[in-house]
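Student: Mind looking over this structure? Questions follow.
The values are calculated or read from the model by the stated rules, or taken from the named source; none is laboratory data. Keep in mind the model is a prediction, meaning the values are calculated, not measured. In this analysis, Cβ positions are derived from the backbone assuming ideal geometry, glycine residues included, and neighbour counts consider all displayed protein chains.
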Number of protein chains: 2
Amino acid sequence: MVTEGKVCECKDCIVRSLIFEHVSSEELGTFCNTKREQFFKKGQIVVKQGDPIADFVYVKEGLVKLYNEAGQGREQIISIARPYDFISLLTVFSETHYHYSVSAIEDTTVCIINLERIKELVCENGSFALDLLERMSRTADKLIKNYNDINLKNLRGRIAYILLNFADKIYLRNRFDLPVSRKEIAELIGMTTENVIRILSEFRKEGIIRINGKEIEILDKAKLEFLSQHA
Amino acid sequence: MVTEGKVCECKDCIVRSLIFEHVSSEELGTFCNTKREQFFKKGQIVVKQGDPIADFVYVKEGLVKLYNEAGQGREQIISIARPYDFISLLTVFSETHYHYSVSAIEDTTVCIINLERIKELVCENGSFALDLLERMSRTADKLIKNYNDINLKNLRGRIAYILLNFADKIYLRNRFDLPVSRKEIAELIGMTTENVIRILSEFRKEGIIRINGKEIEILDKAKLEFLSQHA
DNA sequence: AGGTTGCTATGATATTTATCATGTTATGAT
DNA sequence: ATCATAACATGATAAATATCATAGCAACCT
């Protein structure tokens with residue numbers, strides 16, 4: 001984990017207020033002295049699988065992917081995280097080394113807090129502890145639901161699902177640039193690269209989407225929703 | 001959730017000491033007054049998806065399955081939980097209704113604590129809060145790893161994997177009675193019932209296992225381990 | 001004890017998905 | 001601007017998995 005970075009200009013950081021709404025001004029001041037921001041360009045590694053865990057990290061701005069390097073150069077993408085999502089939440093309290101890697105898929109700024117500080121705050125502030133339990137609970141639940149949803153779908157359903165996810169959850173519009181390659185989409189939803197390309201081409205031929213390189217425009221959202229639900 | 005049950009005879013409950021090792025005798029006394037045990041016969045439902053969440057539940061003795069009723073009468077089994085595993089951990093802090101059902105797959109005793117009491121303890125006792133974060137973190141991490149492992153395997157690898165899981169993690173021996181049907185195995189590892197039956201038959205013909213109805217004996221563990229890793 | 005339902009088992013066939021090969025285009029480095 | 005590499009795209013074929021059908025056995029209910 002890169003340890004340099006300037007101290008957070010806290011008054012501009014809306015992420016902080018969402019996370020630490022139960023923290024008093026005094027406690028907040030303490031954090032401001034130690035919290036750091038780090039900027040990563042698209043493609044850079046934020047957290048490396050196997051590195052010792054020292055920090056609590058969350059996304060302030062940008063987009064990252066969480067992935068598992070499964071051996072033989074293979075990757076499995078676990079999720080794509082955006083602002084307000086925690087990155088390392090699921091392992092930092094139970095392991096000494098990161099189980100996943102995190103890298104930026106768009107230019108990204110993360111906030112970094114020493115994990116010991118977080119643990120101290122958990123011990124001192126019950127409301128904060130409960131809030132953290134809630135966020136961890138929600139993150140885990142979402143992942144499980146996602147895994148189960150994906151596993152029930154055929155290949156067309158999966159592509160429909162992920163396109164709708166980009167449109168409705170990440171970019172909030174029907175026209176966007178994919179932040180990842182076809183290969184990475186395959187790693188995220190458990191297909192091969194060629195099949196991702198084929199299904200996207202089918203959707204283009206069927207007039208469901210328009211493709212211009214990385215740029216995707218959804219033309220028939222109702223059809224995508226149908227495919228996502230009934231596949 | 002069934003609400004009747006006799007008060008816990010705490011001195012016999014080794015589960016309690018594992019979970020609440022940071023709790024003082026005074027706090028423990030408070031819990032003893034409110035914690036309840038409930039017995040469920042194989043097949044009975046412990047927690048029903050959609051029911052409002054009021055309790056914190058864990059397995060004292062026996063075996064349960066966590067499952068998602070996915071519509072059209074279909075189930076997806078998320079995991080099998082045994083003593084010391086939490087059952088409802090992943091949703092109780094972030095939702096108002098259970099996202100999963102839980103039912104006993106062997107005769108099972110669970111301990112039940114009112115969730116508000118747990119939340120109060122989280123607020124009062126920082127060490128307990130940290131311990132709970134660690135357990136939740138570990139549970140979630142295990143599930144994610146399991147999903148990712150399973151998704152990389154073909155059908156023979158999945159059957160090998162689940163048989164080894166029963167042998168090494170649940171029954172701690174190479175000969176055991178399956179606690180679930182072939183259909184439920186299919187729901188756990190994402191296959192069809194017929195394929196589970198076929199692969200088990202293949203393993204029997206290849207001399208890898210011996211099958212006697214629900215009773216399974218592993219004859220060639222090295223082969224199973226190989227199949228689990230290279231499929 | 002008998003009947004009903006669910007589970008197990010096997011065979012045949014259909015469908016889905018992966019793999020391999022080849023060519024084109026885009027991107028990044030020099 | 002050029003070259004090399006990676007990504008995208010398409011076609012053909014193989015492999016894996018699901019589906020459908022049928023029969024026998026086990027478990028549960030009356």
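Student: Does the range B:162-173 hold any residues that are within 16 Å of the chain's Cα centre (by Cα) and not in a helix (DSSP H, G or I), and which are they?
Tutor: Result: B:171, B:172.
Student: Of all residues in the range B:113-155, count the ones that are of a type in the set (Ser, Thr, Tyr) and in contact (Cβ under 8 Å) with a residue 12 or more places away in the chain. Show your work before the answer.
Tutor: Going residue by residue through the range B:113-155, those that are of a type in the set (Ser, Thr, Tyr) are B:127, B:137, B:139, B:147.
Subset that is in contact (Cβ under 8 Å) with a residue 12 or more places away in the chain: B:127, B:139.
Summing the residues that are of a type in the set (Ser, Thr, Tyr) and in contact (Cβ under 8 Å) with a residue 12 or more places away in the chain in the range B:113-155 gives 2.
Student: Here's another thing I want to ask about it. Given the options B:132, B:164, name the one that is surrounded by fewer than 19 Cβ atoms within 10 Å (Cβ to Cβ) and in contact with a Leu (Cβ under 8 Å, 6 or more places away or on another chain).
Tutor: Within the list B:132, B:164, the selection yields B:164.
Student: Identify, please: which residue in the range B:87-112 is surrounded by fewer than 23 Cβ atoms within 10 Å (Cβ to Cβ) and without any contact (Cβ under 8 Å) to a residue 40 or more places away in the chain and is, among those, farthest from the other protein chains (Cβ to nearest Cβ)?
Tutor: The extreme case among them is B:91.
Student: Could you give me the residue pairs with C-beta distances under 7 Å whose first residue belongs to the range A:174-185 and is in a helix (DSSP H, G or I), whose second residue is within 12 Å of DNA strand C (Cβ to nearest atom) wherever it lies, and which are 6+ apart or on separate chains?
Tutor: A:182/A:193; A:182/A:196; A:182/A:197; A:183/A:193; A:185/A:196
Student: Is it true that residue B:227 is surrounded by 14 or more Cβ atoms within 10 Å (Cβ to Cβ), away from DNA strand D (no atom under 13 Å from the Cβ) and either under 28 Å from residue A:152 (Cα atoms) or not assigned by TED's automatic domain parsing to the domain that holds residue B:80 (or both)?
Tutor: On the way: surrounded by 14 or more Cβ atoms within 10 Å (Cβ to Cβ): yes; away from DNA strand D (no atom under 13 Å from the Cβ): no; either under 28 Å from residue A:152 (Cα atoms) or not assigned by TED's automatic domain parsing to the domain that holds residue B:80 (or both): yes.
When the stated conditions are applied, residue B:227 does not pass them.
Student: What tally of residues in the range A:175-222 results from selecting those that are among the basic types (Lys, Arg), within 21 Å of the chain's Cα centre (by Cα) and within 11 Å of DNA strand D (Cβ to nearest atom)? Even if it seems obvious, please write down each step before you answer.
Tutor: Looking only at the range A:175-222, we keep the residues that are among the basic types (Lys, Arg), and these are A:175, A:182-183, A:198, A:204-205, A:210, A:214, A:221.
Remaining after also requiring within 21 Å of the chain's Cα centre (by Cα): A:175, A:182-183, A:214.
Of the ones still in play, those that are also within 11 Å of DNA strand D (Cβ to nearest atom) are A:182-183, A:214.
Qualifying residue count for the region: 3.
Student: Another question, then. I'd like the full set of residues that are closer than 19 Å to residue B:152 by Cα, touching a residue at least 40 places away in the same chain (Cβ under 8 Å) and away from chain B (no Cβ under 14 Å), limited to the range A:186-207.
Tutor: Step one: list which residues in the range A:186-207 are closer than 19 Å to residue B:152 by Cα, which gives A:186-196.
Those still in the list that are touching a residue at least 40 places away in the same chain (Cβ under 8 Å) too: A:187-188, A:190, A:195.
Passing the criteria: only A:195.
Student: Would it be correct to say that residue B:210 is free of Cβ contacts under 8 Å to residues at least 40 places away in the same chain, under 30 Å from residue A:95 (Cβ atoms) and of a type outside the set (Val, Ile, Thr)?
Tutor: On the way: free of Cβ contacts under 8 Å to residues at least 40 places away in the same chain: yes; under 30 Å from residue A:95 (Cβ atoms): no; of a type outside the set (Val, Ile, Thr): yes.
In short, no.
Student: Any residue in the range A:84-102 that is among the aliphatic types (A, V, I, L, M) and not in a loop (DSSP other than H, G, I, E, B)?
Tutor: There is at least one residue in the range A:84-102 that is among the aliphatic types (A, V, I, L, M) and not in a loop (DSSP other than H, G, I, E, B).
Student: Now, a different point. Go through the range B:206-224 and give me each residue that's surrounded by 13 or more Cβ atoms within 10 Å (Cβ to Cβ) and among the aliphatic types (A, V, I, L, M).
Tutor: Result: B:208, B:209, B:211, B:216, B:218, B:219, B:224.
Student: Let me ask something else. For residue B:118, which of the numbered conditions (1) surrounded by fewer than 17 Cβ atoms within 10 Å (Cβ to Cβ); (2) in contact with a Phe, Trp or Tyr (Cβ under 8 Å, 6 or more places away or on another chain) fails to hold?
Tutor: (1)
Student: Scan the range A:113-159 for residues that are outside any helix (DSSP H, G or I), touching a strand residue (DSSP E or B) at 6+ places or on another chain (Cβ under 8 Å) and either at the interface with chain B (Cβ under 7 Å from one of its Cβ atoms) or over 20 Å from residue A:86 (Cα atoms) (or both) and report the count. Talk me through it step by step, then tell me what you get.
Tutor: If we filter the range A:113-159 for residues that are outside any helix (DSSP H, G or I), which is where we start, we get A:113-114, A:125, A:152-154.
Checking which are touching a strand residue (DSSP E or B) at 6+ places or on another chain (Cβ under 8 Å) leaves us with A:113-114, A:152.
Of the ones still in play, those that are also either at the interface with chain B (Cβ under 7 Å from one of its Cβ atoms) or over 20 Å from residue A:86 (Cα atoms) (or both) are A:152.
Number of matching residues: 1.
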